[in-house]
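The values are calculated or read from the model by the stated rules, or taken from the named source; none is laboratory data. Worth saying up front: this structure is predicted, and the values here are computed from it rather than measured. All Cβ positions, glycine included, derive from the backbone under ideal geometry; neighbour counts span all protein chains shown.
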Amino acid sequence: MLYRRFIRPILFLLYPETVHAIAVNLLKSTARIPGSRSIYGYFFQFCDKSLEREVFGIRFKNPVGIAAGFDKNANCYNELGMLGFSFVEIGTVTPDAQPGNPKPRSFRLPEDKALVNRMGINNSGVEQIAENLRKNKPGIIIGGNIGKNTKTPNSSAIDDYIKCFKVLYEVVDYFVLNVSCPNIGDIKKLQDSDTLIEIVNSLKKISGEMKTSKPVLLKISPDLNNKQLDELVDIALTTGIDGFVATNTTVKRVNLKTDHKKVTAIGQGGLSGQPLKERSTEVIRYIVNRSGGKIPVIGAGGIMNEKDAIEKLQAGASLVQVYTGFIYGGPGIAKKINRAIAK
């Protein structure tokens, strides 16, 4: 209530990337204060044995995590854990550092409780991100969301995924292949069967040669049709993909309350938040039914409150991730969701 009525209106006067930087710095600085962990725990964490679950071989203390894009460079994952999240997906990580698209590249649609971003996978590069994780041991489950550099042609994309996979292997708990970002040229073509099978098989082979295998998941677009989803499920069953993240952002602009001229002026980018809620739930339900429940799904897209999270779980998701709901709902969202699930 305090966040929505007083803090959010002030923050929303500032540019989204500026607010993000302020929030991360504030979170990190307050976490250094003696006794802060107990204070954070009291206000933002809800613990209950019923929330624990094992998914693709990993034990999660609760089913609520932060989606890729918030902690791109692995700078604040432990602090996010203090806010009650049980896992954080870092990235998207690419082999080489890249600045992303020109600013402005992130926009709010408050009337729709939505965001539009065309960040362009800006990140510090896999070597630096791996070093960040080594220097500050994670006290939380870490997912490594990996992709290709913008300059890398699709014909060489597999090399980028392999490099990220190898460098991050010892410092993350699971991997997510981002082949559905709407802001990187023709990356979505990597969802085509032959290319995707080659990438997945290569990574699974590497994982099989390690002392401990790591789950490999696939993040998919909400803009795929049923035939395309069928193909992805078949690929998953054939290659042994360990799970899906459903879904990424959408390029569609359907049934928005925001003035059409404003939306048009913003231009291209992936839309996230409340307008994505129904479609992402549809995709989750379809994948679960199509696979006979054999492939775990992390539900993402349009989770703005505890009701939305429960809807994703009832559709068949094993875990959920928030991002835009975190921005609009504030730091107490994980506690609210976990408490509702426990009830």
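Residues that are touching a residue at least 24 places away in the same chain (Cβ under 8 Å) and surrounded by fewer than 17 Cβ atoms within 10 Å (Cβ to Cβ): find the helices (runs of 4 or more DSSP H) completely inside segment 29-148 holding 1 or more of those.
Numbers: elements: 36-44, 77-82, 126-135.
Once the helices (runs of 4 or more DSSP H) in segment 29-148 are filtered for at least 1 residues that are touching a residue at least 24 places away in the same chain (Cβ under 8 Å) and surrounded by fewer than 17 Cβ atoms within 10 Å (Cβ to Cβ), what remains is 36-44, 126-135.
Name every residue in segment 305-335 that is surrounded by fewer than 21 Cβ atoms within 10 Å (Cβ to Cβ), hydrophobic (A, V, I, L, M, F, W, C) and not in a helix (DSSP H, G or I), in order of residue number.
Correct list: Ala315 only.
Per-residue answers, yes or no, for (1) of a type in the set (S, T, N, Q); (2) under 25 Å from Tyr174 (Cα atoms); (3) touching a strand residue (DSSP E or B) at 6+ places or on another chain (Cβ under 7 Å):
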residue	(1), (2), (3)
Glu17	no, no, yes
Leu26	no, no, no
Arg32	no, no, no
Lys49	no, yes, no
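Is it the case that some residue within segment 164-173 is in a strand (DSSP E or B), modelled with pLDDT of 95 or more, of a type outside the set (Ser, Thr, Tyr) and crowded, with 21+ Cβ neighbours inside 10 Å?
No: segment 164-173 contains no residue that is in a strand (DSSP E or B), modelled with pLDDT of 95 or more, of a type outside the set (Ser, Thr, Tyr) and crowded, with 21+ Cβ neighbours inside 10 Å.
Would you be able to say whether some residue in segment 212-222 is under 15 Å from Lys113 (Cα atoms) and polar (S, T, N, Q)?
No, that holds for no residue.
Could you identify the single residue in Ser193, Ser180, Ser155 that is among the hydroxyl-bearing types (Ser, Thr, Tyr), under 27 Å from Tyr15 (Cα atoms) and at pLDDT below 95?
Among Ser193, Ser180, Ser155, only Ser180 is among the hydroxyl-bearing types (Ser, Thr, Tyr), under 27 Å from Tyr15 (Cα atoms) and at pLDDT below 95.
Could you grab me the full set of residues in segment 254-284 that are surrounded by fewer than 18 Cβ atoms within 10 Å (Cβ to Cβ) and among the charged types (D, E, K, R)?
Answer for segment 254-284, where residues must be surrounded by fewer than 18 Cβ atoms within 10 Å (Cβ to Cβ) and among the charged types (D, E, K, R): Lys257, Asp259, Lys261, Lys262, Glu278, Glu282.
Would you check which residues across segment 289-307 are more than 20 Å from Phe175 (Cα to Cα), out of contact with any helix residue (DSSP H, G or I) (no Cβ under 6 Å at 6 or more places or on another chain) and not small (Gly, Ala, Ser) and list them?
Asn289, Asn305, Lys307
Could you give me the residue pairs with C-beta distances under 7 Å whose first residue belongs to segment 1-27 and is touching a residue at least 12 places away in the same chain (Cβ under 8 Å), whose second residue is of a type in the set (Asp, Glu) and surrounded by 12 or more Cβ atoms within 10 Å (Cβ to Cβ) wherever it lies, and which are 6+ apart or on separate chains?
Leu27/Glu79
Would you confirm whether or not segment 11-25 contains a residue that is surrounded by 15 or more Cβ atoms within 10 Å (Cβ to Cβ) and among the small types (Gly, Ala, Ser)?
Looking for residues that are surrounded by 15 or more Cβ atoms within 10 Å (Cβ to Cβ) and among the small types (Gly, Ala, Ser), one finds at least one in segment 11-25, hence yes.
Identify, by number, the condition in (1) surrounded by fewer than 17 Cβ atoms within 10 Å (Cβ to Cβ); (2) on the phi < 0 side of the Ramachandran plot that Ile241 doesn't meet.
Here Ile241 meets the rest and fails (1).
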